[in-house]
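Got a structure for you, written out below as structure tokens; questions coming shortly.
Computed from the coordinates by the stated procedures, all read-outs in this text should not be read as laboratory data. Since this is a predicted model, take the numbers as computed values, not measurements. Counting neighbours? That spans all protein chains shown, and the Cβs are built from the backbone with ideal geometry, glycine included.
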Amino acid sequence: MLVTLEGLDGSGKTTVWEALHDAYPDAVFTREPTSDSWYGDAVNRAIADDDADPLATLFLFTADHADHLSRVVRPALADGDLVISDRYSDSRYAYQAASLRDSDLRRPMEYIRGIHTAFTRPPDKTIYLDVDPETAAARSGATNKFEQAAYLADVRANYERLIEAEPERFVRVDATRSPEDVLDAVEAALEEILAEN
Ligand SMILES: Nc1ncnc2c1ncn2[C@@H]1O[C@H](COP(=O)(O)OP(=O)(O)O)[C@@H](O)[C@H]1O
Ligand SMILES: Cc1cn([C@H]2C[C@H](O)[C@@H](COP(=O)(O)OP(=O)(O)O)O2)c(=O)[nH]c1=O
């Protein structure tokens with residue numbers, strides 16, 4: 001089963017993902033962008049480059065996803081493992097659709113979903129850590145171009161569209177609460193998800 005964690009920068013995904021290692025020692029913990037491949041290195045260069053072309057950046061993130069799928073996610077799922085990924089395809093649909101909002105693409109989110117459809121493996125469930133853009137930008141330190149509150153407001157609106165389209169896949173967690181409360185809520189959500197399957 002594939003469970004993904006999504007949310008704005010600073011929503012607390014990585015904090016939760018690390019804490020879950022103790023509760024689920026047998027799960028495969030992974031992330032996007034990947035941190036152990038040259039595709040992930042290329043993505044990190046694009047994140048750090050304020051002048052990186054947004055369409056080129058989309059394809060770098062998508063290349064990293066293709067490698068992540070074939071090298072990590074599909075083999076783990078084939079072994080029957082629980083896979084917990086800190087960010088996954090919804091990050092592209094939310095972030096790159098915002099980056100490409102003023103591009104020549106008429107419907108950026110539909111375009112980005114379209115290029116994934118042929119090859120991706122959709123998550124079974126997605127836990128969405130919900131915070132307002134101001135809290136997200138303040139917590140993340142606004143150190144890169146994706147962490148600015150105005151941009152994150154667009155990203156959040158895109159996540160809302162995704163949740164509206166597939167309400168049964170998403171579990172929304174109020175991530176403005178303390179780290180302990182957020183972790184408790186995520187663990188409760190995961191218990192329920194695993195009990196259902
Ligand atoms: N629930 C929370 N309340 C306040 N601060 C938090 C909370 N969760 C995480 N943080 C802090 O916010 C920052 C970003 O958290 P992180 O887990 O890296 O978020 P993300 O992976 O979503 O960007 C870190 O300094 C972390 O300690
Ligand atoms: C996976 C992914 C991340 N991103 C962005 C979100 C982050 O600003 C940045 C790095 O992701 P990440 O390392 O998960 O950052 P954080 O822990 O702060 O949430 O890349 C995209 O724009 N598209 C994507 O597909």
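Name the residues in region 74-125 that are of a type in the set (Asp, Glu) and touching an Asp or Glu at 6+ places or on another chain (Cβ under 8 Å), would you? Write out each step before concluding.
Of region 74-125, the ones of a type in the set (Asp, Glu) are 79, 81, 86, 90, 102, 104, 110, 124.
Of everything in region 74-125, those that are of a type in the set (Asp, Glu) and touching an Asp or Glu at 6+ places or on another chain (Cβ under 8 Å) turn out to be Asp81, Asp86, Asp90.
For Pro167, which of the numbered conditions (1) surrounded by fewer than 13 Cβ atoms within 10 Å (Cβ to Cβ); (2) in contact with a helix residue (DSSP H, G or I) (Cβ under 8 Å, 6 or more places away or on another chain) fails to hold?
Every listed condition holds for Pro167 apart from (2).
Taking the criterion of being within 18 Å of the chain's Cα centre (by Cα), within 13 Å of ligand 2 (Cβ to nearest atom), over 25 Å from Ala195 (Cα atoms) and among the hydroxyl-bearing types (Ser, Thr, Tyr), would at least one residue in region 17-31 satisfy it?
No, that holds for no residue.
Taking helices (runs of 4 or more DSSP H) that do not extend beyond region 124-197, which have at least 1 residues that are within 13 Å of ligand 2 (Cβ to nearest atom), more than 18 Å from the chain's Cα centre (by Cα) and farther than 12 Å from Glu6 by Cα? So that I can check it myself, show each step before the final result.
On the way: elements: 133-140, 149-165, 179-196.
Of the helices (runs of 4 or more DSSP H) lying wholly inside region 124-197, those with at least 1 residues that are within 13 Å of ligand 2 (Cβ to nearest atom), more than 18 Å from the chain's Cα centre (by Cα) and farther than 12 Å from Glu6 by Cα span 133-140.
Could you figure out which of (1) touching a residue at least 12 places away in the same chain (Cβ under 8 Å); (2) over 22 Å from Glu192 (Cα atoms) isn't true of Pro122?
Unmet for Pro122, out of (1) touching a residue at least 12 places away in the same chain (Cβ under 8 Å); (2) over 22 Å from Glu192 (Cα atoms): (2).
Does Val73 satisfy being touching a residue at least 12 places away in the same chain (Cβ under 8 Å), outside any loop (DSSP other than H, G, I, E, B), more than 8 Å from ligand 2 (Cβ to nearest atom) and closer than 21 Å to Glu192 by Cβ? First the steps, then the outcome.
Details: touching a residue at least 12 places away in the same chain (Cβ under 8 Å): yes; outside any loop (DSSP other than H, G, I, E, B): yes; more than 8 Å from ligand 2 (Cβ to nearest atom): yes; closer than 21 Å to Glu192 by Cβ: no.
Considered against the rule, which asks whether it is touching a residue at least 12 places away in the same chain (Cβ under 8 Å), outside any loop (DSSP other than H, G, I, E, B), more than 8 Å from ligand 2 (Cβ to nearest atom) and closer than 21 Å to Glu192 by Cβ, Val73 comes out as no.
Then there's this: Does Arg87 count as charged (D, E, K, R), at positive phi and either touching a residue at least 12 places away in the same chain (Cβ under 8 Å) or within 16 Å of ligand 2 (Cβ to nearest atom) (or both)? Steps first, please.
Details: charged (D, E, K, R): yes; at positive phi: yes; either touching a residue at least 12 places away in the same chain (Cβ under 8 Å) or within 16 Å of ligand 2 (Cβ to nearest atom) (or both): yes.
Against the criterion (charged (D, E, K, R), at positive phi and either touching a residue at least 12 places away in the same chain (Cβ under 8 Å) or within 16 Å of ligand 2 (Cβ to nearest atom) (or both)), Arg87 qualifies.
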